[in-house]
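Everything below concerns the one structure shown next.
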Amino acid sequence: MSEWTSDCGHLADELQAVVGALVRQMRAASPDRELPLSQVSILKRLDREGSATVADLARADKIRHQSAATTVAALADRGLLRRTPDPADQRRKLLEITAAGRALLSERREAGSGRLATLIEGRLTATEQGRLADCLPLLYRLLE
């Protein structure tokens, strides 16, 4: 039995620390670091899940409606999302990510993934890269 498997709490702490550090490194490689994480989160959600209302976004991100509305306004001002009337209820506005918003997310993903790929290739041996690849199914199972 590995030293890691004997203490799941310690393993969880270490995994959280290393994943957090990797995410921070990927964000630092991003071409548009001026974009606050709250804005990135909303763009990613709209990209993944499709159109939503401000209330939907606030609920999903567990933030106040007012905070979500402020974030949405900033994204709309930058042309990264647009408001369209809800066909089911003309009083409501649906938010959709624009082509510019998708392009920005794509640039961020590519920069972050590129940085991580460079680190994997430069710092890990071929055997270590294989071991890392073998761990991915386990990490995905944690998300189930």
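Structure above, values below:
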item: Selection within segment 1-52 - β-branched (Val, Ile, Thr), open to solvent by 50 Å² or more (accessible area, probe 1.4 Å) and modelled with pLDDT of 90 or more; result: Val18, Val19
item: Which numbered condition Ser67 fails, given (1) assigned to a helix (DSSP H, G or I); (2) hydroxyl-bearing (Ser, Thr, Tyr); (3) at pLDDT below 90; result: (3)
item: Residue identified as in a helix (DSSP H, G or I) and farther than 20 Å from Leu35 by Cα among Ala60, Ala73, Ala55; result: Ala55
item: Failed item, numbered, when Leu81 is tested on (1) closer than 18 Å to Ser106 by Cβ; (2) of a type outside the set (S, T, N, Q); (3) within 13 Å of the chain's Cα centre (by Cα); result: (3)
item: Any hit, segment 83-105, residues being open to solvent by 50 Å² or more (accessible area, probe 1.4 Å), of a type in the set (Val, Ile, Thr) and not in a strand (DSSP E or B); result: no
item: Qualifying residue in segment 91-106 (condition: within 30 Å of Val18 (Cβ to Cβ) and of a type in the set (Val, Ile, Thr)); result: no
item: Failed condition for Leu46, given (1) in contact with a strand residue (DSSP E or B) (Cβ under 8 Å, 6 or more places away or on another chain); (2) over 25 Å from Gly114 (Cβ atoms); result: (2)
item: First in segment 66-82 and over 13 Å from Glu96 (Cα atoms) and open to solvent by less than 30 Å² (accessible area, probe 1.4 Å), second anywhere and of a type in the set (S, T, N, Q) and not in a helix (DSSP H, G or I), Cβ under 8 Å, 6 or more apart; result: none
item: Odd one out for Ala99, checked against (1) at pLDDT 90 or above; (2) more than 15 Å from Val40 (Cα to Cα); (3) among the small types (Gly, Ala, Ser); result: (2)
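The values are calculated or read from the model by the stated rules, or taken from the named source; none is laboratory data. Just so you know, these numbers come straight off a predicted model, no measurement behind them. Positions of Cβ are backbone-derived with ideal geometry, glycine not excepted, and every protein chain shown enters the neighbour counts. The area values use the complete protein model at the heavy-atom level, side chains included, leaving out ligands, DNA and RNA. Shrake-Rupley method; radii C 1.70, N 1.55, O 1.52, S 1.80 Å.
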